[in-house]
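A short worksheet on the structure shown next.
The values are calculated or read from the model by the stated rules, or taken from the named source; none is laboratory data. The structure displayed is predicted, hence computed values, not measured ones. Quick reminder, even Gly has a Cβ in these numbers, built from the backbone with ideal geometry, and neighbours come from all protein chains shown.
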Amino acid sequence: MDKMRKTFFASATIVVVLLVGLWGVDLQGTLAVGELTDEHIGKTVCVDGEVKTGTLCMLNNGSTVIFTMTDGYNEINVSYSKPQPVNLQDGMPVTVTGTMLSDRTIDAHRILSECPSKYETENATLNTTLKSIQ
């Protein structure tokens, strides 16, 4: 009986660790911008794309960031009501998680961007222009 009890507690511990480790992990995967349809309106989506050059703007003294995300063919607007993430720049690949609204806008609550140094060469630096709208 003692060996059976140990096996049960070990198995239960493994299950709890797996559940805690997977908590908050998006198991539905990510979508490309072109895969978004009206069926996604009102739902939480996770979308891969890049920040369209020239569309990155700050509103309300920097407390809101807006930009257009593209996959090269399709576009969707993104609104993020938090300060701009440090790595967010024009032309950068991003993954946006948020609620898709009926006006083809994602109300983002998480933005992941890649490190800009990955896209720099030895002789060139990454230049961006950030517009601020008051």
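Key figures for this structure:
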quantity: Single residue of the range 108-134 satisfying the filter (of a type in the set (S, T, Y) and surrounded by 14 or more Cβ atoms within 10 Å (Cβ to Cβ)) that is modelled with the lowest pLDDT; calculated: T128
quantity: Residue among T30, T105, T44 that is modelled with pLDDT of 90 or more and within 12 Å of the chain's Cα centre (by Cα); calculated: T44
quantity: Number of the condition not met by I66 [criteria: (1) surrounded by 14 or more Cβ atoms within 10 Å (Cβ to Cβ); (2) in contact with a strand residue (DSSP E or B) (Cβ under 7 Å, 6 or more places away or on another chain); (3) more than 18 Å from L112 (Cβ to Cβ); (4) not acidic (D, E)]; calculated: (3)
